[in-house]
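What follows is one structure encoded as structure tokens, with my remarks underneath.
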Ligand code: SF4
């Protein structure tokens, strides 16, 4: 088997920051439980590892005792949730990804300027629920072009569209084209709302999948950006499977590939919330079962930094720690023999 390991893959800067927030709080506040509103990121292993260390995940803030420390997940929350947290005297640590916060700010600004907002995304996703909550009276969610005839538009010259950060760039383009055809004067956001990590991981699939027999995406079923990676692969004609971890790997997936897997080319990538150790474990297992080589394909360089939330910095200072310089820096992954096993490893760049 020839495994082509996509780079970039896995954790983005926003997920790294959110995971680091919970990790730091568990370490700092040993005498009290850390509550997390919604899954901190959409990955069952990340969540379970924190549950095992004592974190409490809740879907309703009313379940949380007054005055507790509560972390808001990377997907962001609405102002109503922030207000409830204030009323209940929580110490709220906001781990919302700054790139989601950017879309919230756009929604607030355009609503103040009298625009109606057409928010392209999945209506039941936490991120869309949070963004919509910034301007609920001015916002309508558009999930697909078929939603457009049902929109209630007051003034077609005072419209703007925004998007969820983790959409398929292909699907978003189709919806945005349809919006522009229906409302030629619709305003665009200042820059793409689909984030760098989503864009880069999808771009890598479009580049690498066509030379493969199969694509494996490591990620959870409720991870929007992971699901989109499987769809992008299928769009370029290559079968793709989403798996949470090595236990979900199925031999029958390789039945139709050359040598029933032994001579197959397999792309391995991971959604933005999937930990790297799970990717490495799948690699090692594939090597044991089928033999072969691992090639890391560097497609897009990444080097993004986010700062820690101010509330966490204050907690660190109160505990006598210096949070300055604590930036979460995320670049591309390096593959090493220790992590991936004693198999031939190579790194190559894709133009
Ligand atoms: S996928 Fe994008 S928007 Fe979501 S946490 Fe990562 S960088 Fe932020």
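Read the figures in this text as sums done on the coordinates, not as results from a lab. None of the values given here were measured: they were computed from a predicted structure. Please note: Cβ atoms are built from the backbone with ideal geometry, for glycine as well, and neighbour counts cover all protein chains shown.
Table for the structure above
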item	result
Fewest-first sequence of 30, 180, 102 by Cβ atoms within 10 Å of each Cβ	30, 180, 102
Separation of the residue 303 and residue 252 label points, Cα + 7 Å toward Cβ, nm	4.7
Rounded D (µm²/s) - the range 199-300, Kirkwood Rh over Cα pairs, Stokes-Einstein at 10 °C, 1.306 mPa s	117
Relative contact order of the range 112-189, pairs being alpha-carbon contacts under 8 Å that are 6 or more residues apart, as %	37
Shape parameters for the range 99-182, alpha-carbon atoms, Rg then Dmax in Å	11.7, 30
Relative packing of peptides 65-78, 182-195 - highest average C-beta neighbours within 10 Å first	65-78, 182-195
Share of alpha-carbon pairs per 10 Å distance bin for the range 178-232, given as whole %	19, 37, 28, 15, 1
Bridge type composition, the range 178-271 - antiparallel percent by DSSP, nearest 5	0
Sum of -39500 (n - 2.57) over DSSP H runs of 4+, divided by residues of the chain (222 nm, nearest 500)	-10500 deg cm²/dmol
196, 35 arranged by Cβ crowding within 10 Å, fewest neighbours leading	196, 35
Residue 109 versus residue 322: modelled label distance in nm, points set 7 Å from Cα along the beta carbon direction	3.5
Ordering of 85-97, 294-306, 240-252, 267-279 by packing [mean C-beta count within 10 Å, highest first]	267-279, 85-97, 294-306, 240-252
Convex hull per residue volume in Å³, alpha carbons only, for the chain	152
